[in-house]
Amino acid sequence: MLRGKHILVGVTGGIAAYKVCYLVRDLKRAGADVKVVMTEAATKFVTPLTFSALSGHAVLGNIWATDQSTLSSIGTQHVDLANWADAYVIAPASANTLAKITYGLSDNLLTIVALASRGPIILAPTMDADMYINPVTQQNVTRLQERGFFIVPPEEGEHASGLKGPGRLPEIRAIIETIERVLDKASRDLKGKKILVTAGPTFEAIDPVRYIGNRSSGKMGFAIANAAALRGATVTLVSGPVHLETPRNVERVDVESAEQMHDAVFKCVATSDAVIMAAAVADYAPERSAKTKIKKGATNKPVSLQLVETPDILNALGQKKNKRTILIGFALETDNELRNAQEKLKTKNLDLIVLNSLKDKGAGFGVDTNVVTILDKKGKTAKLPLMSKLDVANEILNRLKGLL
Ligand code: C5P
């Protein structure tokens, strides 16, 4: 897996930097071509000479280098490096660097490349336990993960400071396994394909203040968008109101209601190779949305809402389907699951339908895992075990690839 791959290793300032020498050595032994970029703080822990001897390349770090040997790449070395790397692994990733990457700060070569890169980036957060469990760091890690950065979780144990807890650099083996997994996920086998994904709930306005919504977090659709972008597809993500970061290399269109989602989808569908409708579109919306806030106590009679059906986007897509565009829907059923999903696949004229379970542990709203069954037009049914939403996304994309 690693043979011939270009692995860029970013080293930040932390005592664990010395262990990353072994990472570079083992990556080289596995046949990878390795380049190292260091922050200035990192050079206080390990000298660049060590890493250049281990990697066989001059260590990079100085954005202002002006000697003749590097003159040709001045001004573009961040882009060149970002393009060169099949994967960029930052280990140890200090709290400071994680915060910089979260906010797009780029005051050294390591963070500039992180900002410029479109390829997969793996982060190994490594710091004292108190810094790691600090809510600021935790929030940064979550936001980076949502954007599609891969996180190798730190190990628990004793730190150089004497503190005990999470934040230790994981075993080199675990980092290498993550790199291999990530290279597999970022195979770029969907390059040139345009994929439209919808995600999240829709909100249907009752008045300017209130709405009817549902519990969808958007995580499944965002995982599909992220997975497809990692595989090289051009991805547009039409999202209802969610609290999630936009995955890297994904174009996001925010909408609120089913009607807005319908319009946004139909704007892009003509140029899409596939549409994956993971959104939990509201089936009903208030017949009229009041122009002003409905006052309490205006009447002493019970208040009722007249609901009408929203446009069924997927059904409309299915009815106008051309041969080229693959249509994938989701079904959330509570009874007669398989039969209802099969029925939906047929009536909506879909190529695949993903049956979501609410019954299985680890499936459903707000969690990072899912349990799904994928049904195709030929009647083939695949019940997948509990897996991360990113892995479920790749299972769906593997089947989509076969249909494109
Ligand atoms: O018919 P049902 O709502 O169960 O179908 C679910 C599938 O249809 C999902 O893929 C969902 O995104 C899509 N859908 C839609 N427009 C609606 C309702 C559902 O596209 N108004």
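The values are calculated or read from the model by the stated rules, or taken from the named source; none is laboratory data. In this text the structure is predicted, and so the values were computed from the model without any measurement. Counting neighbours? That spans all protein chains shown, and the Cβs are built from the backbone with ideal geometry, glycine included. Ligands, DNA and RNA are excluded from the accessible area calculation, which covers all protein heavy atoms including side chains. Shrake-Rupley method; radii C 1.70, N 1.55, O 1.52, S 1.80 Å.
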Rounded if a/c is under 1.5, else prolate if a/b beats b/c, else oblate: with a ≥ b ≥ c from the C-alpha gyration tensor eigenvalues square-rooted, which is region 100-217? oblate
Could you work out Rg/(2.2 N^0.38 Å) for region 364-404, with Rg from alpha carbons only? 1.21
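Nearest-5 percent of antiparallel DSSP beta bridges in region 6-185?
Antiparallel bridges make up about 20 percent of those DSSP assigns within region 6-185.
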May I ask for the distance between the Cα centers of region 318-382 and region 161-236, given as a whole number of Å? 20 Å
Residues meeting the amide H criterion for V238 (H placed from the backbone, H to H distance under 5 Å, 5 or more places apart or on another chain) are V197, T198, A199, V253
Of L384, L27, L317, the most mobile residue in a GNM of the chain (C-alpha springs, cutoff 10 Å) is L384
Restricting everything to alpha-carbon atoms, can you work out Rg to Rh for region 312-404 with a Kirkwood hydrodynamic radius? 0.96
By the gyration tensor of its Cα atoms, with a ≥ b ≥ c the square roots of the eigenvalues, what is the shape of region 291-357: rounded for a/c under 1.5, prolate for a/b over b/c, or oblate? prolate
Could you provide, to the nearest whole Å², the per residue accessible area of region 1-68 with probe 1.4 Å? 50 Å²
In whole Å, what three semi-axes, largest first, describe the equivalent ellipsoid of the chain built from its Cα gyration tensor (square root of 5 times each eigenvalue)? 44, 24, 20
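Tally up the carbon and sulfur contribution to the accessible surface of region 6-185 as a whole percent, 1.4 Å probe, everything protein left in place.
The value for region 6-185 is 54 percent carbon and sulfur by accessible area.
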Order by protection proxy (mean Cβ within 10 Å, highest first), peptides 191-200, 47-56: 191-200, 47-56
Carbon and sulfur %, accessible surface of region 311-404 computed with the full protein complex present, 1.4 Å: 52 percent
Principal semi-axes in Å for region 194-403 [√(5λ), Cα gyration tensor, largest first]: 30, 19, 17
Over the chain: helical MRE at 222 nm, DSSP H runs n ≥ 4 each giving -39500 (n - 2.57), nearest 500: -10000 deg cm²/dmol
Peptides 133-143, 260-270 ordered by average Cβ neighbours within 10 Å, highest first: 260-270, 133-143
The correct pair for region 1-61, radius of gyration to one decimal and Dmax as a whole number, both in Å and from Cα atoms, is 10.7, 33
Which aspartates and glutamates, on any chain, are close to K383 with Cα under 20 Å apart, when same-chain ones fewer than 8 places away are left out? E333, D335, E337, E343, D351, D360, D368, D391, E395
Given a 1.4 angstrom probe, what's the average accessible area per residue across region 194-403, in square angstrom? 52 Å²
Mind ordering 291-300, 203-212 by average Cβ neighbours within 10 Å, highest first? 203-212, 291-300
Suppose all protein chains stay in the model; what accessible area per residue would a 1.4 Å probe give for region 85-193, in Å²? 43 Å²
Compactness summary of region 103-155: radius of gyration and Dmax from Cα atoms, Å, are 11.6, 32
In this structure, among K321/K378; K219/K320; K359/K389; K185/K378; K191/K401, pairs with alpha-carbon gaps over 20 Å are K219/K320; K185/K378
Placing one identical point scatterer on every Cα of region 6-185 and ignoring solvent, what is log10 I(q)/I(0) from the Debye formula at q = 0.20 Å⁻¹? -1.49
